[in-house]
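Enquirer: Below you'll find the structure I mean.
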Amino acid sequence: MTHDGPSSPLDVADLRARVQRVVDEVLAYESGVLSRVSPDLDPLMQALGALLSGGKRLRPAFAYWGWRGAGGDRVDDEAALRAAASLEFLQACALIHDDVMDGSDTRRGLPAAHRRFAGVHREAGWLGSHETFGIGAAILLGDLCLSWADEVLLTADFSPEALRRAKTVYDEMRTELMAGQYLDLLEQARGGGSVDRALTVVRYKSAKYTIERPLHLGAALAGATPEVFDAYSGYGLPLGEAFQLRDDVLGVFGDPAETGKPAGDDLREGKRTVLIAIAVERSTPAQAEVIRRYLGDPGLGSDGVEALRQIIEDTGALAHTETLIGELLRHSLESLETTAVDEEAREVLTGLAYAATRRTV
């Protein structure tokens, strides 16, 4: 198996297309529920349909292959797929709320949900603040996604005992995610801090939630042994951290045509990432002053973006982050080599490791 191109590990077992099918079925069902309440709720489903029409589907992939790797019974394949697809609704909740907290304008090349609803309010000429309306509507849509994620998981056709095991993992994952989101907000409010604090945010806001816990969700559904859970942690945690570090690099240096976000958007939002923490730690007084002046300026132009990029490169922060990504990927793959999992799953998980860390979007 190659690790990029048309034979992407994300598409083995036709996984992305099958996840999309489940997502579309859930959206159709929930749309019917909401339409019986009022046709005025249609814009909520239109916004969510646009958000969920694409994406990498990484979390469902790790959950599904975590289940397969732990010896999941192929009779339960469709049930495992549905359980994995529930993570797309949890991810939608996280993205919608994260964009509100960050004040982001776009998501996947489209207006962020709160901006979309603000636009609806503005164009209709309704009373009150269009921004307040947009934020309120987006928060409610995120809450609906959180509720539906539970609904999708718990209606997967597994035994009550398997679902109970999975729900325990799922609850812990959500708690860690919300804790990580708060720590992220705290870092922005404090103006950033040490690299260690930034790495803690990475671990709880992204690494565990993106890879380790989805793997554990699949393992729980399969009734895996504690040794399998430990092995998945050894593979998933360093890989999750590498995934987020790659995301941080793309947030500053990524191509807008591929990322769907304006160039340097993370700099305008003032995200206190590991990349930024390293740059601040290594900066000269003059460089530190430029960082203080430009980082978090919502009106930051191309010159300011370029000045910050140059400092990130000149301090060695970019090179050091790339080295960290490589080391974390190596630790992840070494752990996977010694893990007693299904051989096809091992091959796919190896491919997913490369896909997660060598991506451009």
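Read-outs throughout are calculated quantities, based only on the coordinates presented, and are distinct from any laboratory measurement. No experiment lies behind these values; they were computed from the predicted model shown. Note that each Cβ is placed from the backbone with ideal geometry, even for glycine, and that neighbours are counted across all protein chains shown.
Enquirer: In nm, give the distance between the simple-model label positions of residue 74 and residue 337, each being 7 Å from the Cα along the Cα-to-Cβ direction.
Expert: 2.9
Enquirer: Taking H as built 1.01 Å from N, whose amide H comes closer than 5 Å to the amide H of residue 106, not counting residues under 5 places away?
Expert: The answer is 112.
Enquirer: Let me ask something else. Label residue 53 and residue 24 with points 7 Å out from Cα along Cα→Cβ: what is the distance between them in nm?
Expert: Taking the two extended label points, one gets 1.2 nm.
Enquirer: Test of understanding: what is the full-extension gain from residue 297 to residue 147, defined as 0.36 nm times their sequence separation minus their Cα-Cα distance? Don't skip to the answer; put the middle values down first.
Expert: Details: separation 150, 0.36 × 150 = 54.00 nm, distance 3.49 nm.
Length gained between residue 297 and residue 147: 50.5 nm.
Enquirer: Springs between alpha-carbon pairs under 10 angstrom, Gaussian network model over the chain: which of 293, 107, 115 fluctuates most?
Expert: Evaluated over the chain, the most mobile residue of the options is 293.
Enquirer: Something else: At q = 0.11 Å⁻¹, what is the base-10 log of I(q)/I(0) for the chain according to the Debye formula with one equal point scatterer per Cα and no solvent? Please give it to two decimals.
Expert: Values, matching the q order: -0.76.
Enquirer: Here is a further query. Compute the separation of the alpha-carbon centres of the stretch 1-60 and the stretch 176-251 and state it in Å as a whole number.
Expert: 23
Enquirer: Further question on the same structure: Across the chain, how many lysine pairs, 8 or more apart or on two chains, come within less than 23 Å at their alpha-carbon atoms?
Expert: Summing the qualifying lysine pairs gives 10.
Enquirer: Which one, 15, 186, 349, has the greatest fluctuation when you compute a Gaussian network model over the chain with C-alpha springs under 10 angstrom?
Expert: Answer for the Gaussian network model of the chain: 186.
Enquirer: Next question, about the same structure. Given a 10 angstrom Cα cut-off, can you work out which residue in 192, 55, 296 is the most mobile in a GNM of the chain?
Expert: Among 192, 55, 296, the largest mean-square fluctuation in the Gaussian network model of the chain belongs to 55.
Enquirer: Normalised by the residues of the chain, what does the relative contact order come to in percent, with Cα pairs under 8 Å and at least six apart?
Expert: Values: 516 pairs, mean separation 75.8, N = 361.
Rounded, it is 21 percent for the chain.
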